[in-house]
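Nothing in this text is a laboratory measurement; each read-out follows from the coordinates by a stated rule. Nothing here was measured: the structure is a model prediction, and the numbers come from that model. In this analysis, Cβ positions are derived from the backbone assuming ideal geometry, glycine residues included, and neighbour counts consider all displayed protein chains.
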Amino acid sequence: MVHDLYILMITAGIVSLLFKLMKQPVVLGYIVAGLVVGPHVFGGSWVEADNVKAWGDIGVLFVLFCIGLEFRIKNLISSGKVAAIGALTIIGGMMLLGYGVGKWAELDMMNSLFLAGMLCMSSTTIVMKAVDEAGLSKERFVKGATSILIIEDVVAVVLMVLLSSIAIRHQFDGEELLNKVLVLAITLVAWFVCGILIIPTLLRKVKPYLNDETLIILALGLCLGMVLTAEEAGFSSALGAFVMGTILAETVESHRIEQLMTPLKNVFAAIFFVSVGMMINPASLLEYWSSILLVCLVVIIGMIVFGTLGCWWGGETMKDAMQTGFSFVQIGEFSFIIAALGNSLQVTDPALYPIIVAASVVTTFLTPYIMKAAVPFYNYFYSHASDKLRAKMDQRELAVAQAEQETQSVGNSNSMADKAKHAVRHTYVTKRLVNLFIKNMSAKDAENEHK
């Protein structure tokens, strides 16, 4: 295992350094490093694939945990219209497009449905990493894009239940789907209420006892605990990591936890992208090159169109909408899960999995370049738009700017979300629970000193 980690780190370090010197995104360097150490280029893998996959899965958890730390519940509430309409447009549009492509390729209904499910989800990990690499993390469109990705991840859980039900019973089970949605909604509400009720107040009370070492261990423990809870409830482990990140984002220690987590996140995120690169099989690229090219074009064009339209209909400016659409041009991790689900149920063509994996790698590789093209494309589109459309775009820009100014003048502390949060945190029950914990901890400290 140490040998595997050494090979991964030294190869990723050298290749990413070369990409830095060439002024290329580091993410692409990690993918190329995975191609080098993988089993397909030199006739044998330099590392154990299972170990790399396990570390890569941990990397996804840490990345989403850190994304949650940077995210605020009030952001999801404030961008609710954009998130809901954008996610609905992207998922609905891409599923229809994917199903149509499947039928055009003469696939049966089951293969077409699974293909539609694979193509409708972008990758939260890849988008956020690419945004960070491009220095766009503070841009206005990121808040809405993150909200859409969150909704997509939640919908993906429901979608897998729906596809499983159709594959097993060959019919749609509305009752099972409704039950899953209700369980998911109740579980999320319970997590957030319990988290906001206890964790922020607890951390504020024990702050004098927390050094960097204790704080990072406690944060990771809470994160992994929520991951296990999510898995036991039948949901994605990544969803659990993100939820705990958003809960800790509402605490007084959020920025400190984020700083402490950054090096760990970077290491395991690198391993994740190396593991993606290891899945590239040049032979598959040659064998299915036309299908891979078709899937890539469908994903890139479809995500740009539906992402831009969804965000524009949700109230964003055309520039922000295009930046969002241009950043969603890759297939997400849930696509692999859906593809593996189809294989395990033996309802999809075996060739579909390598095509999706190859298309995911290619679109991931192209994502940073396509993101950079968003603003130039917007400028070209604006300069060639009709006077009527240009007037609408200017009007939307002015309206969004005015709304931002009003929000800043009112202040975040006066929002309904913060008032509700404050009320929950300062209930009698919360104070009694936390005070009891502090009292017991102080008593144990006194007993240890006496001994």
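Numerical summary
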| item | result |
| --- | --- |
| For segment 190-246: rounded, prolate or oblate by the Cα gyration tensor [a/c cutoff 1.5] | oblate |
| For segment 1-139: rounded, prolate or oblate by the Cα gyration tensor [a/c cutoff 1.5] | oblate |
| Full-extension gain in nm, Asp50 to Ala134, via 0.36 nm per residue minus C-alpha separation | 27.1 nm |
| Net charge of neighbours whose Cβ lies under 14 Å from the Cβ of Ile355, counting Lys and Arg as +1 and Asp and Glu as -1 | -2 |
| Too-long pairs where the Cα-Cα distance tops 20 Å, listed order kept, from Lys81/Lys129; Lys319/Lys392; Lys23/Lys372 | Lys81/Lys129 |
| Euclidean distance between Cα centres, segment 191-216 to segment 280-294, Å | 49 |
| Local electrostatic count, Ile91, Cβ distance below 14 Å [Lys/Arg +1, Asp/Glu -1] | -2 |
| Average Cα contact separation per residue, segment 290-414, under 8 Å, 6 or more apart, as relative contact order % | 29 |
| Positive minus negative residues near Gly325 (Lys, Arg vs Asp, Glu; Cβ under 13 Å) | -1 |
| Inter-probe distance in nm under a simple model that places probes 7 Å from Cα toward Cβ, at Asn211 and Ala340 | 4.0 |
| Computed label-point distance, nm, for sites Glu397 and Trp289 using a 7 Å Cα→Cβ extension | 4.3 |
| Using θ = phi - 60° and Karplus 6.51 cos²θ - 1.76 cosθ + 1.60, couplings along segment 128-145 (whole Hz; Gly, Pro as x) | 5, 5, 5, 4, 5, 4, 7, x, 10, 4, 9, 5, 5, 6, 5, 4, x, 4 |
